[in-house]
Amino acid sequence: MPALPPRAVIREVGLRDGLQSIATILPTARKREWIGAAYAAGIREIEVGSFVPARLLPQLADTAEALACARTLPGLFASVLVPNLKGAERALAAGADLLLVPLSASRAHSLANLRRTPDEVVAEVARIRAARDASGAKALIEGGVGTAFGCTLQGRVDPAEVLRLMQALLDAGADRVSLADTVGYADPNGVRRLFEQALRIAGDRFWCGHFHDTRGLALANVCAALEVGVTRFDASLAGIGGCPHAPGASGNVATEDLAFMLAAMGVATGVDVPRLLALRAALAEWLRGERLFGALARAGLPKTFAAATTDA
């Protein structure tokens, strides 16, 4: 087995990817609690929301307030999703550290989800980069290539097309790129192959792996990505989230399960797993009636787990 990286970073995306996928509208005060508790547990990167019209996603209408809360915490890197230039301008004005622009490698998914072709999204990234530079802001721009392993609408997505679009995003001015298994089609062998090629293209500008646990392979896919050198992963507390075009999807890899696995494998994250489990229990109360996921919350920490393995 290849040597694993000594450290990895977990970006909590439940406040955006998770909450946008459920019916419950979490009050702003609860979001502040979530951000503060995640920070206290050692999480240092959080995707706090999305600058999209409130009529489309009322669950994220208070993204500016959530971002303002995150900015009060020293060393917390706060990202937001922006679907277009208008959203990016709002994010820049609010002081986001990173703007995530989603792109679907599947043309069918792109048209259904974003109402644009993949190459039209690339062109929008160029406009966002110009606006960012003109504003003098230091925010990073991340181009996230979704449906990288297949699509429920289109079926197969050619890996060459995924890599072409990733390179196009970099050429358009994205500072970072990432790959997402939006609908849960990935397997470890496919992850190794595609991420190896992605790293050869992007090098240290490759930012993140984003895996959904639709078919129970998210943690296995994280391990495969770790083996080729990826060191940052998106995760959602209690595994909430998903894609409206992925029927039966169970959501993202659960933050608490990922933090536990990495700690057990000796990969430092700086995350206090027991504190994270306490936050997960609180979230279960806040989201009563919603379907939650994750194995660690059901089974608990094993007696053999050493809390010291979570130290940074």
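The numbers here are math on the coordinates, done by the rules we state, and not lab data. Computed from a predicted structure; not experimentally measured. Glycine gets a Cβ as well: all are built from the backbone with ideal geometry, and neighbour counts include every protein chain shown.
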*Per the Kirkwood treatment, what hydrodynamic radius in Å, one decimal, follows for the chain from the mean inverse distance over all distinct Cα pairs?*
19.2 Å
*In deg cm²/dmol and to the nearest 500, what is the mean residue ellipticity at 222 nm of the chain if only DSSP H runs of at least 4 residues count, each as -39500 (n - 2.57), divided by the residue total?*
-12000 deg cm²/dmol
*Work out the FRET efficiency for L56 and R215 from their Cβ-Cβ distance, taking R0 = 41 Å, and round it to the nearest 0.05.*
0.90
*Under a Cβ-Cβ cut-off of 12 Å, what is the net charge of the residues other than N189 that fall near it, where Lys and Arg count +1 and Asp and Glu count -1?*
-1
*Debye-sum result for segment 1-157 in log10 I(q)/I(0), which assumes one identical scatterer on each alpha carbon, at q = 0.11, 0.12, 0.21 Å⁻¹*: -0.47, -0.56, -1.35
*Want the number for A268 to N84: 0.36 nm per residue separation, take away the alpha-carbon distance, what's left?*
62.7 nm
*For segment 97-107, 3J(HN,Hα) per residue [Karplus equation, 6.51 cos²θ - 1.76 cosθ + 1.60, θ = phi - 60°, Hz, x = Gly/Pro]*: 7, 8, 10, 9, 9, x, 9, 9, 5, 7, 4
*Take the chain, connect every pair of alpha-carbon atoms lying under 10 Å apart with a spring to form a Gaussian network, then pick out the residue of G144, G136, G75 with the largest mean-square fluctuation.*
G136
*Would you mind counting up the charge near E33? Only other residues with Cβ under 15 Å from its Cβ, with Lys and Arg at +1 and Asp and Glu at -1.*
+1
*Choose one of S104, L153, A123: the residue whose Cα lies farthest towards the positive end of the charge dipole of segment 96-159 (beta-carbon charges +1 Lys, Arg; -1 Asp, Glu; about the Cα centre).*
L153
_Lys, Arg +1 and Asp, Glu -1 on Cβ, resulting dipole of the chain about Cα centre, debye, nearest 20_ = 280 debye
*If we count every other residue with Cβ under 12 angstrom of L277's Cβ, Lys/Arg +1 and Asp/Glu -1, where does the sum land?*
0
*By how many nm would the segment from E285 to E161 grow when fully extended, if each residue of separation counts as 0.36 nm and the alpha-carbon distance is taken off?*
40.4 nm
*Answer with one residue from G184, A88, P58: the one whose Cα lies farthest towards the positive end of the charge dipole of the chain, charges on Cβ with Lys, Arg +1 and Asp, Glu -1.*
P58
*Please report the relative contact order for the chain, taking Cα pairs under 8 Å with a sequence separation of at least 6, and give it as a percent rounded to a whole number.*
20 percent
*Taking amide H positions as placed in the peptide plane 1.01 Å from N, state which residues far from W207 in sequence (5 or more) or on other chains have amide H under 5 Å from it.*
V177, S178
*For segment 73-133 and segment 186-237, distance of Cα centres in Å*: 21 Å
_For segment 11-19, 3J(HN,Hα) per residue [Karplus equation, 6.51 cos²θ - 1.76 cosθ + 1.60, θ = phi - 60°, Hz, x = Gly/Pro]_ = 9, 6, 10, x, 5, 10, 4, x, 5
